[in-house]
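The values are calculated or read from the model by the stated rules, or taken from the named source; none is laboratory data. As the structure is a computational prediction, the values presented were derived from the model and not from experiment. Here the Cβ positions follow ideal geometry from the backbone for every residue, glycine too, while neighbour counts run over all protein chains shown. Calculation scope for accessible area: heavy atoms of the full protein, side chains included, ligands and nucleic acids excluded. Shrake-Rupley method; radii C 1.70, N 1.55, O 1.52, S 1.80 Å.
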Amino acid sequence: MEGSAENLVCEHCHHTEADQILELLGTDLSKGLDRFEVEHRRQRFGPNVLTERRGRSRLVQFLLQFHQPLVYLLLAAALAAGLLHEIVDAAVIVGVVFVNAVIGYIQEAKALRAIHALSRGLPSSCTVLRAGKRESVPAADLVPGDLVLLQSGDKVPADLRLLQTRDLRVDESALTGEAVPASKGTGTLPRETTLGDRTNMAFSSTLVTYGTGLGVVVATGDATEIGRISDLIASADVLETPLTRRIARFSRLLMVVVLGLAALTFVAGLLRGQSVTDMLMASIALAVGAIPEGLPAAVTIILAIGVARMARRRAIIRRLPAVETLGSTTVICTDKTGTVTQNQMTVRRLAADGATYHATGSGYAPEGLLLSDDSPVDLARAPGLREVLVCGALCSDADLAEEGDRWIVRGDPTEGALLSVAAKAGLRRDDLQAALPRIDAIPFESQLQFMATLHDDRAAGARRVYVKGALESLLARCEVQAALGGAAPLEADALRATAESMASEGLRVLAFARKDLPGSKHVLEHADVESGLTFLGLQGMMDPPRDEAAPAVAACQKAGIQVKMITGDHAATAAAIAAQVGILRDASSETCVLTGTDLQAMSDQELIECVDAVDVFARVSPEHKLRLVE
């Protein structure tokens, strides 16, 4: 174990064989670590928590508010006024400087509290295998080499190399920007695989949405990917804003002019026969009078108003002068998921009975219409569409619920979108389940790429199977496709073309099928869905743009500001969203989108030459984002 665990950071684990990792970490797959070894490693590696970045003390933070050239000049003026016995002037100047410092300190303290919330992102407990026994332990007690068991609803407690998975899907949107949960496996990946494509890894603070898994801890605390992001935030340089640079330049110029005039006045007075004492006092009075003590107060009040307005728009401004940079902005770099988009999957297009339909509304709220040629659809006249919606609602393990003024999904966001679009057509899942209660199910398996459920069709005295999954997986199992009045020969090429058309719009496409079985069937087996299915149709979904995104982008571009999208999501999805909101200027260009892999292959000079022309950067890691901004 000595010297090995430190090297097993996430950038290496994805392309290292699982057996080799277990050997290097000294972990027994059947028993895990023994308690003595756990204690030894805990002392060596420390707790599995993000290090609290020791910042400046409150006193130092407050004193730094005075660290400005103009403030130094004002304090010198206050001192000079005091020497001249101008107590009122001195008190006013000191009061202005003090109020300016208090406002800046309060704003910076508020912003720091919001940023420090990242350190509270780790889960509180997890299930591990130690000394051959399964037990629940605090996540802070994990050490490299621990075996962690994952199941739906768990928050991943550390960075794990996955050893066993069963239909494991993990929501990594907070880390990669991909709205759809990532399917996980155990296979070894190429070394150059980017963060978002490391399917054999589970990263700290991401959420398990489906399935189960077993992984070995390869990084804890600050060594995790979320820890590296925290470190990048803490180490970010504090840059001067255009305003602070101008004020500093003005302060230096003012100091030279004032001292020059004071010196000139002093010399002129002496040449005219005035006493040294009188001219010294006159020169000091001139210097005090020439300094604009109201300028810092005016600037601070204006900046504070700007910060307050941004706070009402839910934007954190860490330092008061930073709000001024909004007026000097030439490029805005934006994330995609949850920023440009809603981070809620929504069905946009459907295909059934040879026709296509459009679904309005966005997010999980069941508010919207199903349209055909801009006219609302009557499900009584579109039985094929109704069957596709019923299949999507019943062949699902998610729940859609209203909490307060918002709708949330418990389970897979994809299945939540299926429930929502069915509800828009008046098909509530509870009613459907009452009419067609579930008897059995075949859970989604990544190898087979489908899920199937068995239902009791009491009205027909039979059993009905609903299946959803990848198009190619279902086409191989279908013999006919649903058509008005019955069934028709399967037109696989036409279905593929429809699916490709949806995918070109950035939609994630799911296929749906059904099969009727004898009424005596109680257990659903894989053999039941190997063949003989009737293809029902397709549903295409996406994480839609926010309503306000396109107008905001247009306003920025009208003001001469370039908008760049930098996301961890896939290139096709990112390009489709960017085109919809107006970020992507030329979709036909071969270099309209660059990926993290492309960036790794570029030198700094090559990146500088092309970055201005590229609007979308996809599948990038946090380090890539920092490099682009710099």
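Descriptive notes on the structure:
- Residue count for the stretch 296-327, restricted to those that are of a type outside the set (V, I, T), in contact with a helix residue (DSSP H, G or I) (Cβ under 7 Å, 6 or more places away or on another chain) and either at pLDDT below 70 or part of a loop (DSSP other than H, G, I, E, B) (or both): 5.
- Residue match in the stretch 338-356 (condition: more than 29 Å from A618 (Cβ to Cβ) and in contact with a helix residue (DSSP H, G or I) (Cβ under 7 Å, 6 or more places away or on another chain)): yes
- Residue in the stretch 585-601 that is open to solvent by less than 30 Å² (accessible area, probe 1.4 Å), in contact with a helix residue (DSSP H, G or I) (Cβ under 7 Å, 6 or more places away or on another chain), aliphatic (A, V, I, L, M) and not in a strand (DSSP E or B) present: yes
- Criterion applied to A578, A613, A601 was being touching a Leu at 6+ places or on another chain (Cβ under 6 Å) and at negative phi, and the one residue passing it is A578.
- Filtered residue count, the stretch 563-584, keeping only those that are open to solvent by less than 70 Å² (accessible area, probe 1.4 Å), at pLDDT 85 or above and more than 22 Å from R627 (Cα to Cα): 5
- The residue list G145, G221, G153 contains one member that is at pLDDT 90 or above and on the phi > 0 side of the Ramachandran plot, which is G145.
- Selection count, the stretch 328-349, where residues are of a type in the set (A, V, I, L, M, F, W, C) and outside any strand (DSSP E or B): 2
- Members of the stretch 199-230 that are in a loop (DSSP other than H, G, I, E, B), over 16 Å from N48 (Cα atoms) and open to solvent by 20 Å² or more (accessible area, probe 1.4 Å): T199
- With respect to the conditions (1) surrounded by 17 or more Cβ atoms within 10 Å (Cβ to Cβ); (2) of a type outside the set (G, A, S); (3) touching a Lys or Arg at 6+ places or on another chain (Cβ under 8 Å); (4) farther than 28 Å from D171 by Cα, L369 lacks only one, and its number is (1).
- Filter pass, G121 being surrounded by fewer than 18 Cβ atoms within 10 Å (Cβ to Cβ), closer than 30 Å to A282 by Cβ and modelled with pLDDT under 90: no
- Scope the stretch 131-168; condition more than 27 Å from I229 (Cα to Cα), of a type outside the set (S, T, N, Q) and surrounded by fewer than 18 Cβ atoms within 10 Å (Cβ to Cβ); matching residues: A131, G132, K133, R134, E135, R166
- Selection from the stretch 614-630 of residues that are open to solvent by 40 Å² or more (accessible area, probe 1.4 Å) and closer than 20 Å to V340 by Cα: K625, L626, V629
- Among the conditions (1) farther than 27 Å from I577 by Cα; (2) open to solvent by less than 50 Å² (accessible area, probe 1.4 Å); (3) at pLDDT below 85; (4) not polar (S, T, N, Q), the only one that G196 does not satisfy is (1).
- Restricting L270, L261 to residues that are open to solvent by 50 Å² or more (accessible area, probe 1.4 Å) and either modelled with pLDDT under 70 or more than 57 Å from the chain's Cα centre (by Cα) (or both) narrows the list to L270.
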